[in-house]
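Reviewing the structure listed below.
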Amino acid sequence: MSHIRGGKGPLIIADRTFGSRLFLGTGKFSSIRAMEEAIAASGSEMVTVALRRVDLDNPDDELLTSVQRFADIQLLPNTSGARDALEAVRLARIAREMGCGSWVKLEVTPDPRYLLPDPVETLKAAEILVKEGFTVLPYINADPILAKRLEEAGTATVMPLGSPIGSNRGIRTEDNIRIIIEMSGVPVVVDAGLGSPSHAAQAMEMGADAVLVNTAIATAGDPVLMAGAFRTGVEAGRMAYEAGLPRGREEAEASSPLTGFLR
Amino acid sequence: MFRDIFTTYDPGEVRDRIYGAGEAEVIRAISAESPDPAAICALFSPAADPLLEMMARRSAAITRQRFGSVVQLYAPLYISNECTNRCVYCGFNTDNPIRRATLSEDQVVREAMILHEAGFRHILLLTGEDRRAVPVDEVAGIARRLRDTFASLSVEVYPMETEEYGTLAAAGIDGLTLYQETYDTDTYRRVHLGGKKTDFFWRLDGPDRGGIAGFRRIGIGALLGLSDWRVDGFYTALHGLYLAGAYWRSQVQVSFPRLRDAPGGFTAPVPVSDRDLVHLICAVRIILPDAHLSLSTREPEGLRDDILPLGITSMSAGSKTDPGGYSGLEAGDGQFEICDRRSPAEVAAMIRRRGFDPVWKDWDRMLR
């Protein structure tokens with residue numbers, strides 16, 4: 001495995017090096033223009049686009065071409081809307097045939113309310129897509145064993161959720177994400193629920209390799225300013241992680257040491 | 001089935017709860033995470049009327065967080081205006097001496113291609129309620145002709161059996177719309193004078209049958225103006241909550257059709273004002289944060305534009321309600337009067353001016 005996690009080097013996913021650890025979603029923006037400006041301000045090098053929003057019959061699709069215009073950005077089509085493995089695989093295949101490349105953010109979310117990922121169907125789809133040569137980045141619940149199973153299936157990352165998509169609730173799955181980070185041999189991207197730059201910084205301080213943000217930027221009063229704020233939050237969190245955060249202490253340090261009598 | 005829940009609520013008690021709610025209950029309900037039946041009553045109550053601005057703010061904020069600044073566009077396509085029902089408010093009433101027409105499959109495809117050319121990728125196929133004029137297999141055949149051209153195909157047709165809905169789903173239909181018209185059984189009886197539609201519970205069970213058949217979107221709604229909108233609003237919200245739980249893989253959609261002038265000369269017995277309409281939309285959004293809320297061209301342009309940011313996520317544009325209307329066939333008469341006569345491009349431009357992204361495609365043929 002070329003990637004060694006936890007080091008201080010750049011982020012590498014499937015042999016591609018990323019200078020930014022902030023990935024962006026493209027839904028919910030008030031216009032394509034607003035999205036483009038936010039992408040530029042975020043410094044992101046990986047941007048995900050819902051295939052359901054793309055007219056794959058139209059080579060000039062506005063959403064797709066506007067993302068593809070950014071030379072340094074890895075396009076990451078996603079299978080949002082798929083309710084089982086079959087639908088996700090079909091979407092990924094047609095996207096590749098239509099020239100969207102072979103990277104795919106695998107989303108199998110049968111529940112349209114909370115958009116929570118189906119672990120069984122996600123694993124099934126990942127196994128098929130990896131065999132077919134896709135670079136698969138699966139969106140999952142923060143389930144450490146599922147993360148390992150996906151890694152064994154050959155996915156390029158795992159993308160555990162902090163809290164449900166669009167909820168802005170931050171990292172409610174902290175304990176399990178810590179285990180995933182500890183156990184994972186592939187980059188861990190905290191995806192979904194990050195509502196503020198401090199949430200993103202927290203994920204990075206925990207040792208996540210990257211974060212993916214959409215709602216908090218797209219629905220901000222000033223998406224460009226917010227994209228910049230997330231960029232800074234991610235960089236600060238990563239710097240803190242690389243600097244080596246002192247461990248928090250559970251007990252106060254007694255002014256009269258309990259073992260003072262030993263001196 | 002929803003009827004099992006519906007029948008546990010005594011309409012008199014529901015009305016009393018709605019009209020007896022106080023301001024404090026409304027304020028609690030507006031900020032409640034998941035409103036209970038008492039909170040739902042409060043949101044539709046007269047006590048909520050003076051708090052409409054607070055409701056609108058909450059509704060707009062929920063919508064923005066959940067859906068972002070986007071509005072999905074769709075177009076209705078009428079296959080037929082033939083109908084066996086006698087609904088006193090509807091232009092298609094079998095007693096009305098209108099020009100009747102049922103399009104051939106080729107004519108439907110021609111209509112669809114005109115909509116495709118205008119930019120639409122989501123279309124809603126409609127018929128009157130006459131299964132001999134447009135049999136289930138005919139709807140399925142049309143769907144098979146259109147499924148590769150459109151991202152999403154929905155139907156608003158006569159209620160069908162579960163297996164028949166299954167046939168449509170297999171043919172590429174992914175959404176079902178079926179309005180109960182009113183949840184008030186007395187009013188329902190008074191306005192539905194003949195035909196299969198007189199069977200209140202056959203219709204009430206329809207969205208359940210659609211959910212069982214696996215449609216990805218299930219649309220419901222009450223025809224506003226037939227009965228007390230507050231009470232119908234309560235039951236619509238209850239119905240939506242039930243469907244979202246029972247068919248958790250399907251998205252609920254709620255529409256707010258207000259009665260318009262139609263052939264037959266019927267006028268709404270209980271008119272719903274613009275303010276009432278806004279109240280209803282905001283209440284439903286607070287109760288159903290994840291539902292698609294739709295506002296059609298039945299409403300006039302200025303009002304549609306103003307209501308849009310409050311919670312609407314889906315709009316029709318450039319609609320014709322007569323079969324063959326897009327191709328200018330003039331084969332049959334329309335169901336009701338269109339109020340917003342702007343072209344799809346003009347509606348899209350308005351959406352942009354309001355700070356929203358008009359989205360023509362938000363589904364995919366691979367997802368069915």
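With every protein chain present, what is the per residue accessible area of chain A (1.4 Å probe, Å²)? It would help to have the intermediate numbers written out before the result.
Values: 11470 Å² over 263 residues.
For chain A, the solvent-accessible area averages 44 Å² per residue.
For the stretch B:112-176, compute the orientation-averaged projected area of the C-alpha convex hull (one quarter of its surface), in nm². Display every interim value, and only then the final one.
Details: hull surface 16.2 nm².
Orientation-averaged projected area of the Cα hull: 4.1 nm².
What stretch of chain A, leaving out the sites themselves, is the longest with no GluC sites (Glu not before Pro) in a DSSP loop having at most 16 other Cβ atoms within 10 Å?
That would be A:1-131.
Note down the net charge around B:E105, summing +1 for each Lys or Arg and -1 for each Asp or Glu among other residues with Cβ under 13 Å from its Cβ. Mind dumping the intermediate values first?
Working: positive: B:R110, B:R144, B:R145; negative: B:D106, B:E111, B:D137, B:E138.
Value of the local net charge: -1.
Evaluate the charge dipole of the stretch B:261-368 about its Cα centre and quote only its size in Debye, nearest 20, assuming +1 on the Cβ of each Lys and Arg and -1 on the Cβ of each Asp and Glu. Could the numbers behind the result be given before it?
Numbers: 13 positive and 17 negative charges, 80 e Å.
With Lys and Arg at +1 and Asp and Glu at -1, about 380 debye.
Determine ³J(HN,Hα), in whole Hz, for all residues of the stretch A:232-246 in sequence, where each value follows from phi through the Karplus function 6.51 cos²θ - 1.76 cosθ + 1.60 and θ = phi - 60°; x replaces Gly and Pro.
Karplus values, whole Hz, x for Gly and Pro: 5, x, 5, 5, 5, x, 5, 4, 4, 5, 5, 5, x, 5, x.
For a quick check of your reading of the filter: which trypsin sites (Lys or Arg not before Pro) in the stretch A:61-162 sit in a DSSP loop and have no more than 16 other Cβ atoms within 10 Å? Don't skip to the answer; put the middle values down first.
Numbers: sites: A:R69, A:R83, A:R90, A:R93, A:R96, A:K105, A:R113, A:K124, A:K131, A:K148, A:R149; in loops: A:R69, A:R83, A:R113.
Those that pass, being in a loop and sparsely packed, are A:R69.
Need the per-residue list for the stretch A:219-239: every residue with at least 20 Å² less accessible surface in the complex of protein chains than in the chain by itself, probe 1.4 Å, sorted by number.
Relative to the lone chain, where solvent access is computed with a 1.4 Å probe, the stretch A:219-239 loses at least 20 Å² at A:T219.
Per 5 Å bin, what is the whole-percent P(r) computed from every C-alpha pair distance within the stretch B:242-368?
Spelled out per bin, shortest first, that is 2, 9, 16, 19, 19, 17, 12, 5, 1.
Restrict the search to the stretch B:1-77; then list the GluC sites (Glu not before Pro) that DSSP places in a loop and that have at most 14 other Cβ atoms within 10 Å of their Cβ.
On the way: sites: B:E13, B:E23, B:E25, B:E33, B:E53; in loops: B:E33.
When the GluC sites (Glu not before Pro) of the stretch B:1-77 are filtered for loop state and at most 14 Cβ neighbours within 10 Å, B:E33 remain.
Mind checking how much accessible area A and B bury in total, 1.4 Å probe, in Å² rounded to 100? Intermediate values should be presented prior to the final figure.
Values: alone 12810 and 14490 Å², together 24610 Å².
In total, this chain pair buries about 2700 Å².
So for the stretch B:47-110, taking the charge dipole from beta-carbon charges (+1 Lys/Arg, -1 Asp/Glu), which of B:T94, B:G68, B:S104 sits furthest toward the positive end?
Of the listed residues, the answer is B:G68.
Of all beta bridges DSSP finds with both residues in the protein assembly as shown, what is the antiparallel percent, to the nearest 5?
Numbers: 5 of 59 bridges.
Taking every DSSP beta bridge within the protein assembly as shown, about 10 percent pair in antiparallel fashion.
Please list the non-local residues whose amide H lies under 5 Å from the amide H of A:Q74, H modeled 1.01 Å from N, same-chain partners needing a gap of 5 or more.
Here the answer is A:M46, A:V47, since their amide H atoms fall under 5 Å of that of A:Q74.
Non-local amide H neighbours of A:I13 (under 5 Å, H modeled in plane, Pro and chain starts lacking H): which ones?
A:F18
Let me see the pair-distance distribution of the stretch B:162-235: every alpha carbon pair, 5 Å bin width, integer percents in order.
Reading upward from the zero bin: 4, 16, 24, 20, 16, 12, 7, 1.
Check A:F23: other-chain or 5+ apart residues with amide H under 5 Å from its amide H, H built from backbone geometry?
So A:F23 has HN proximity to A:V211, A:L212, A:V213.
State the answer as a single residue: which of B:L238, A:S163, B:H122 lies farthest towards the positive end of the charge dipole of the protein assembly as shown, with beta carbon charges of +1 for Lys and Arg and -1 for Asp and Glu, about the Cα centre.
A:S163
Any idea what the dipole of the protein assembly as shown comes to, in debye rounded to 20, about its Cα centre with Lys/Arg Cβ at +1 and Asp/Glu Cβ at -1? Kindly include the intermediate steps, with their values, before the conclusion.
Numbers: 70 positive and 85 negative charges, 149 e Å.
Its charge dipole is roughly 720 debye.
Taking the protein assembly as shown as a whole, which cysteines find no other cysteine Cβ under 4.7 angstrom from their Cβ?
Unpaired cysteines in the protein assembly as shown: A:C100, B:C41, B:C83, B:C282, B:C339.
List the residues of the stretch A:59-96 whose accessible area drops by at least 10 Å² when all protein chains are present, compared with their chain alone, using a 1.4 Å probe and counting only protein heavy atoms.
A:G81, A:R83, A:E87, A:R90, A:L91, A:I94
Taking only DSSP H segments of four or more residues, each worth -39500 (n - 2.57), what value at 222 nm results for chain B once the sum is divided by all its residues, to the nearest 500 deg cm²/dmol?
Values: 15 runs with 150 residues, N = 368.
Rounded to the nearest 500, it is -12000 deg cm²/dmol.
Between their Cα atoms, which of A:K28/A:K131; B:K196/B:K361; A:K28/B:K320; A:K28/A:K124; B:K320/B:K361; A:K28/A:K105 are more than 25 Å away from each other?
Details: A:K28/A:K131 33 Å; B:K196/B:K361 35 Å; A:K28/B:K320 29 Å; A:K28/A:K124 29 Å; B:K320/B:K361 20 Å; A:K28/A:K105 18 Å.
In this structure, A:K28/A:K131; B:K196/B:K361; A:K28/B:K320; A:K28/A:K124 lie more than 25 Å apart at Cα.
Please give the net charge around B:L224, taking every other residue with its beta carbon less than 12 angstrom from that of B:L224, where Lys and Arg add +1 and Asp and Glu add -1. Please list the in-between numbers first.
Working: positive: B:R230, B:R258, B:R260, B:R298; negative: B:E181, B:D228, B:D232, B:D274, B:D276, B:E299.
It works out to a net charge of -2.
Binning at 5 Å from 0, report for the stretch A:15-127 what percent of all alpha-carbon pair distances ends up in each bin.
Calculated over all Cα pairs of the stretch A:15-127, the distribution is 2, 12, 22, 22, 19, 16, 6, 0 percent.
I need the chymotrypsin sites (Phe, Trp or Tyr not before Pro) found in the stretch B:125-187, filtered to DSSP loop residues with at most 11 other beta carbons within 10 Å of theirs. Kindly include the intermediate steps, with their values, before the conclusion.
Numbers: sites: B:F150, B:Y165, B:Y179, B:Y183; in loops: B:F150, B:Y179, B:Y183.
Counting only loop positions with at most 11 other Cβ atoms within 10 Å, none of the chymotrypsin sites (Phe, Trp or Tyr not before Pro) in the stretch B:125-187 qualifies.
Rounding to the nearest 20 debye, state how big the charge dipole of chain B is about its Cα centre with +1 on each Lys and Arg Cβ and -1 on each Asp and Glu Cβ. Intermediate results must be reported in sequence, preceding the final value.
On the way: 43 positive and 51 negative charges, 149 e Å.
Charge dipole of chain B: 720 debye, to the nearest 20.
Considering only DSSP beta bridges with both partners in chain B, what is the antiparallel share in %, to the nearest 5?
On the way: 2 of 34 bridges.
Within chain B, antiparallel bridges account for around 5 percent of the total.
Go through B:G334, B:S314, B:S296 and say which Cα lies farthest out towards the positive end of the charge dipole of chain B; charges sit on Cβ, +1 for Lys and Arg, -1 for Asp and Glu.
Towards the positive end, the residue furthest out is B:S314.
Please give the per residue volume of the convex hull enclosing the alpha carbon atoms of the stretch A:118-199, rounded to a whole number of Å³.
Numbers: hull volume 6.9 nm³, N = 82.
Spelled out: Cα convex hull of the stretch A:118-199, divided by residues, is 84 Å³.
Over the alpha carbons of the stretch A:62-190, what is the largest minus smallest coordinate on each principal axis, giving the biggest first in Å?
That works out to 40, 32, 30 Å along the principal axes.
Which percent of the accessible heavy-atom area of the protein assembly as shown goes to carbon and sulfur, probe 1.4 angstrom?
Accessible surface attributable to carbon and sulfur in the protein assembly as shown totals 50 percent.
Per the Kirkwood formula on distinct C-alpha pairs, the Rh of the stretch B:56-190 is how many angstrom? Intermediate values should be presented prior to the final figure.
Numbers: mean 1/r = 0.0603 Å⁻¹.
In the stretch B:56-190 this quantity evaluates to 16.6 Å.
Evaluate the Kirkwood expression for the hydrodynamic radius of chain A, namely the inverse of the mean inverse distance over all pairs of different C-alpha atoms, and round to one decimal in Å. Let's see the in-between values first.
Working: mean 1/r = 0.0532 Å⁻¹.
By the Kirkwood definition, the hydrodynamic radius is 18.8 Å.
Calculate, for chain B, the solvent-accessible area per residue in square angstrom, rolling a 1.4 angstrom probe over the heavy atoms of the protein chains.
Here the per-residue accessible area is 36 Å².
So for the protein assembly as shown, what percent of the C-alpha to C-alpha distances run longer than 35 Å? Write out the running numbers ahead of the final one.
Values: 84887 of 198765 pairs.
Here the long-distance tail beyond 35 Å is 43 percent of all Cα pairs in the protein assembly as shown.
Between the chain alone and the structure with every protein chain in place, find the residues of the stretch A:25-40 that drop at least 30 Å² of accessible area; heavy atoms, 1.4 Å probe.
Output list: A:K28, A:S30.
Restricting to the stretch A:1-102, what percent of DSSP beta bridges are antiparallel, rounded to 5? Write down the numbers at each step before the final one.
Numbers: 3 of 10 bridges.
Roughly 30 percent of the DSSP beta bridges within the stretch A:1-102 come out antiparallel.
Calculate, in whole percent, how much of the Cα-Cα pair population of the stretch B:1-80 lies beyond 16 Å.
Working: 1999 of 3160 pairs.
That fraction is 63 percent.
What do you get for Rg/Rh of the stretch B:236-300 when both radii come from the Cα atoms and Rh is the Kirkwood radius? Write down the numbers at each step before the final one.
On the way: Rg = 13.9 Å, Rh = 13.3 Å.
Rg divided by Rh gives 1.04.
Looking at the P(r) of chain B, how many percent of alpha-carbon pairs lie beyond 34 Å? Let's see the in-between values first.
Values: 13691 of 67528 pairs.
Across chain B, Cα pairs with separations above 34 Å total 20 percent.
The values are calculated or read from the model by the stated rules, or taken from the named source; none is laboratory data. Since we're looking at a predicted model, the values are computed, not measured. Here Cβ is always computed from backbone atoms with ideal geometry, including for glycine, and neighbour counts include all displayed protein chains. These area figures cover heavy atoms from the full protein model, side chains too; ligands, DNA and RNA do not enter into them. Shrake-Rupley method; radii C 1.70, N 1.55, O 1.52, S 1.80 Å.
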